[in-house]
Amino acid sequence: MWDIFLQTLPFFALIGLGYGAGRTGFFTPEATAYLTKFVFYFALSAMLFRFSANLSIVDIFDWPFVLAYLWGTLFVYLLATGVALLRKRGVEEAAVEAQCAVIGNVGFLGIPMLVLLLGEQAVGPVVLVLAVDLIVFGSLIVILITGSRDGRMSIGILRTVGIGLLKNPMIVSISLGLVVSSFALPIPAPLNEFLSILGAAATPGALFAIGASLAGKSAERIAVAGWLSFAKLILHPAAVAFAALVIFPVDPYAAGVMIAAAALPVAGNVYILAQHYGVAPARVSASILLSTAVSVVTVSAVIAAVT
């Protein structure tokens, strides 16, 4: 546990550095927004493309893996939804809270950290977890909020979801990489070096951006944030572990990567969605801040357990 903690510490130290730069005003919210945009659209996309170009869809796609992750995630999603409804919250707020309980920072934190700590072979399982999060649950929150406001499902809602997926650079870069891999297309050496240099900026840039963005978050509604952080950091990996090891037996190594990915703190894109739709942004903000702070210990513990 201590060895793993020391290995994860540099990642969280970079987040802390970004947080300090944001809190002191050295890094303004505008600067953080532009850094996040650079990482999201350029550096992380280059990294994901390079990873995916060396993978085969046949090798990474595994039905027991997908079903196990879906089962464990959906269980916690429905639990968080039920708790929100029992507290007399509407469908919109319940959807946002459920998203906090299951969507971790796989793109900005999980990919660089888990690949380094668990090995290059972790790329496939991490990409598969990211794809399920983006395609299934990223679509579900839009459908629930928009459908609740319209009072019905419509073609317009599905069009919004489809366009959102097509515009997501992580999905686009993964898809293009898998196309290159499927057709065994060679990547010219200069292009490969370009992608390597650009992708190398993803890890420090993403971690610094996470910290800087946390500087603007508040710790309001701490009781609800505590429950959602508990659901994300403890219940989610536990449910995924049960599904992967008992219900849908998954290869032990892939199961370990999946469990570690499920243990990551609440993702920043949940706040973006909450703010966009005007649904409980303060609650989400507090959940991201609290879960990220606590994950310094819990993520290390989970990675130590699965390794």
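The values are calculated or read from the model by the stated rules, or taken from the named source; none is laboratory data. This structure is a prediction, so every number in the text was calculated from the model and none was measured. For neighbour counting, all protein chains shown are included, and Cβ atoms are generated from backbone atoms with ideal geometry for every residue, glycine included.
Scanning segment 221-238 for residues that are in a helix (DSSP H, G or I) and over 18 Å from the mean Cα position of the chain (by Cα) gives Ile222, Ala223, Val224, Gly226, Trp227. Exactly one of (1) out of contact with any Gly (no Cβ under 9 Å at 6 or more places or on another chain); (2) at pLDDT below 95; (3) not in a loop (DSSP other than H, G, I, E, B) is unmet by Ser218. Its number? (3) is the only condition that Ser218 fails. Listed by position, the helices (runs of 4 or more DSSP H) contained in segment 1-118 that have at least 2 residues being among the aromatic types (Phe, Trp, Tyr) are 2-23, 29-38, 44-53, 63-86. For segment 86-123, taking the residues that are in contact (Cβ under 8 Å) with a residue 24 or more places away in the chain and of a type in the set (Asp, Glu), the one that is surrounded by the most Cβ atoms within 10 Å (Cβ to Cβ) is identified as Glu97. The single condition from (1) surrounded by 23 or more Cβ atoms within 10 Å (Cβ to Cβ); (2) closer than 18 Å to Asp133 by Cβ that Trp71 fails is (1).
I'm trying to understand the selection: among the residues of segment 250-267, which are touching a residue at least 40 places away in the same chain (Cβ under 8 Å) and surrounded by fewer than 24 Cβ atoms within 10 Å (Cβ to Cβ)? Within segment 250-267, Asp251, Tyr253, Ala254, Ala255, Gly256 qualify. Checking Gln99 against (1) within 17 Å of the chain's Cα centre (by Cα); (2) closer than 20 Å to Pro125 by Cα; (3) not β-branched (Val, Ile, Thr), which single condition isn't satisfied? All conditions are met except number (2).
Look at (1) within 15 Å of the chain's Cα centre (by Cα); (2) of a type in the set (A, V, I, L, M); (3) modelled with pLDDT under 90; (4) more than 24 Å from Val172 (Cα to Cα) and you find that Leu109 fails only one, number (4).
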